[in-house]
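Here's the structure we're looking at; comments come further down.
The values are calculated or read from the model by the stated rules, or taken from the named source; none is laboratory data. Bear in mind the structure is a predicted one, so any value in this text is a computation, not a measurement. Virtual Cβ from ideal backbone geometry, glycine too; neighbours counted across all protein chains shown. Heavy atoms of the whole protein, side chains included, go into the accessibility calculation; ligands, DNA and RNA do not. Shrake-Rupley method; radii C 1.70, N 1.55, O 1.52, S 1.80 Å.
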Amino acid sequence: MILSAYLFADGVELAPDSIAACADAIRAGDLIGLPTETVYGLGADADNASAVAKVFAAKGRPADHPLIVHVASFDGGMAGVAHFAERVPAFAQQLMSAFWPGPLTLILPRRDGVGAAAAGGQASIGLRCPDHPVAQAVLSALRKPAAGQDVVWGVAAPSANRFGRVSPTTAAHVQSELGDVLKGALLILDGGPCEVGIESTIIDCTRGAPVLLRPGAITGAQVEAACGRKLLSNEELLVQDPQGLEAQKASKAPKASGTLESHYAPSATVRLMDAKALQSALDMLGNALPAGESRATIAVYTRTALKTQSKQVLLRSMPGDASVTAHELFSVLREFDDAGVKLIWVETLPDDGSWDGVRDRLKRASA
Ligand code: TXA
Ligand code: MG
C-alpha cells in the first residue's frame with residue numbers, strides 16, 4: 001500500500017501518521033518501502049535478523065550479499081556509526097563530515113554482535129546517512145521511541161527492486177517490483193521521485209586507504225579532495241593482489257552487488273554505440289514496422305540529434321548534464337520496457353568523471 005509521506009501535494013509538510021505507521025512497521029519486524037535521495041529502499045530493522053531475512057527473500061537476493069544500513073543524521077550520524085562500526089579511520093571521518101547526509105556509503109569494520117545478518121556475515125558494515133527528509137523522519141522516529149519500545153539504530157535497506165533489476169526511483173516503481181511478492185502488505189512511503197536517481201557512491205574504508213566499490217553522484221575527484229587521499233579502484237587493488245583476485249572470483253558473494261557484471265538490467269537488450277554508428281544503424285532500418293509488430297521495437301537514447309523515418313524506432317533525447325541524466329535514467333529504462341521495445345540503443349557518454357555513475361549503470365545494463 002502506498003502512503004503519502006507529505007500532508008499536501010506541495011511536498012513541504014510531512015504526514016506524521018504515515019511516518020509513525022512506517023516506524024511502527026519497522027519496530028514490529030516488518031518491511032517498508034522508503035524514499036531516499038538516491039533510489040527507494042526496502043527497509044528493515046538492521047539489528048533484527050528475521051526482519052532482515054525477509055528483505056533477502058523479497059528481493060530474491062543471496063543471503064551472503066550485504067545490505068546498506070541507514071542511520072539518522074541528528075548528531076552527524078555518529079551515534080548510529082558508533083553502534084555499528086568498530087572504528088572509523090580518519091579519512092572516513094572526513095568523508096562523513098564532507099558528504100553526510102548524502103549519497104555516500106562507507107564500508108567500515110563491523111562491531112562484533114551487531115548487524116551481522118544485514119552485513120551478510122561479513123566482518124564489515126556499509127553505513128549511509130541519507131539526505132531525504134522522509135527517510136530522516138523515519139530514522140529519527142526510530143531513535144526516539146515511546147516508553148516500552150526498543151531503539152532502532154539503523155534501517156538496512158537495499159534498493160527496493162528484485163535482484164539484478166533496475167532500482168526504483170518512485171513509489172509506483174516499488175509497488176510494481178515488489179507489490180506481488182509481498183502480497184500488497186508492504187507499506188510504501190511516497191516521498192516523490194528521487195532527486196539523484198542512481199545508487200550511492202560506495203567507498204571501502206577497511207583497507208587502509210579509500211577504495212571505490214561503486215561510482216555515484218559523489219565523484220572520485222570529490223572524495224579525493226575531501227579526504228586528501230588518493231582513491232584506489234577495487235580492480236587496481238586486485239591486480240596487485242592476485243590471491244585476493246582469485247578469492248573474490250571464487251567467492252559466490254562479490255563485495256558489492258552493484259559490482260556484478262550484469263546488473264541494473266531492464267528486460268530489453270541494451271547496447272552502447274557512438275552517434276555515428278547509431279545513425280548508420282538507423283539508416284539501415286526500413287520505414288515500416290517489422291511483420292507482426294504493432295509498436296516500436298527499438299528505443300534510442302542520445303544527446304546527439306539523430307534522424308529516422310522508421311516506425312520501429314522510439315527516439316528520446318538524453319540530457320547534456322550527467323546529474324540530470326542520472327535523475328531520469330532508471331525511469332527512462334523502465335518506460336522503454338513498458339513500451340515493449342526489445343532493443344535499447346544508447347549513445348556512449350562523455351569521457352568525464354561526472355558521468356562515471358551513469359556510465360557504470362549503463363555498462364552493467366548492457367553486459
Ligand atoms: O543509494 C543506495 O545506496 C541505495 C539506497 C536505498 O540507500 N541502496 C542500495 O543498496 O543501493 P543495495 O543493497 O542495492 O546495494 C548495496 C551495495 C551492495 O552492492 C552491497 O554488496 C554493498 O552495498 N555493501 C553493503 N555492505 C557491504 C559490506 N559490508 N562490504 C562490501 N559491500 C557492501
Ligand atoms: Mg541494488
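Please identify every one of the GluC sites (Glu not before Pro) in segment 292-367 that sits in a loop by DSSP and has no more than 13 other beta carbons within 10 Å of its own beta carbon. Answer by residue number: Glu293.
Checking every one of the trypsin sites (Lys or Arg not before Pro) in segment 282-365 against DSSP loop status and a limit of 11 other Cβ atoms within 10 Å picks out Arg295, Lys307. Only protein heavy atoms count here; on that basis, with a 1.4 Å probe, Tyr6 has an accessible area of about 40 Å². Taking each residue as 0.36 nm, the span from Ser366 to Ala20 lengthens on full extension beyond its C-alpha to C-alpha distance by 120.5 nm. In terms of its alpha-carbon gyration tensor, segment 101-161 comes out oblate; a/c meets the 1.5 threshold, while b/c is at least as large as a/b. Of the heavy-atom accessible surface of the chain (probe 1.4 angstrom), what whole percent is carbon and sulfur? On the chain, the fraction of accessible area on carbon and sulfur atoms equals 54 percent. Enter the angle in degrees (range 0 to 90, nearest 10) between the Cα long axis of helix 322-338 and the first principal axis of the Cα atoms of the chain, meaning the one along which they spread out most. Once rounded, the angle reads 70 degrees. Note on Thr269 and Ser50: with the Förster distance fixed at 30 Å, the Cβ-Cβ geometry gives a FRET efficiency of about 0.20.
In this structure segment 1-138 gives 35 Å² per residue of accessible area when probed at 1.4 Å with all protein chains present. Each principal axis of the Cα cloud of the chain was taken in turn, and the coordinate range along them, longest first, works out to 69, 51, 36 Å.
Charge dipole of the chain (Cα centre as origin; +1 on each Lys and Arg Cβ, -1 on each Asp and Glu Cβ, all else neutral): 720 debye, rounded to the nearest 20. Helix 49-59: angle to the longest alpha-carbon principal axis of the chain, degrees 0 to 90, nearest 10? With both axes taken from Cα atoms, the answer is about 0 degrees. Ranked by the mean number of other Cβ atoms within 10 Å per residue, highest first, peptides 11-21, 201-211 order as 201-211, 11-21. For the chain, DSSP calls about 35 percent of its internal beta bridges antiparallel. In this simple spin-label approximation, Asp352 and Asp180 carry label points 7 Å from Cα along the Cα→Cβ vector, and these lie 4.1 nm apart. In the chain, Cα pairs under 8 Å separated by at least six residues give a relative contact order of 19 percent. Kirkwood analysis of the Cα pair distances in segment 39-184 returns a hydrodynamic radius of 15.5 Å.
Spacing of the modelled spin labels on Arg316 and Ala79, each 7 Å from Cα toward Cβ, amounts to 4.3 nm. For segment 269-365, the normalised intensity computed at q = 0.18, 0.20 Å⁻¹ comes to -0.81, -0.98 (log10 of I(q)/I(0), Debye sum over alpha carbons, equal scatterers, no solvent).
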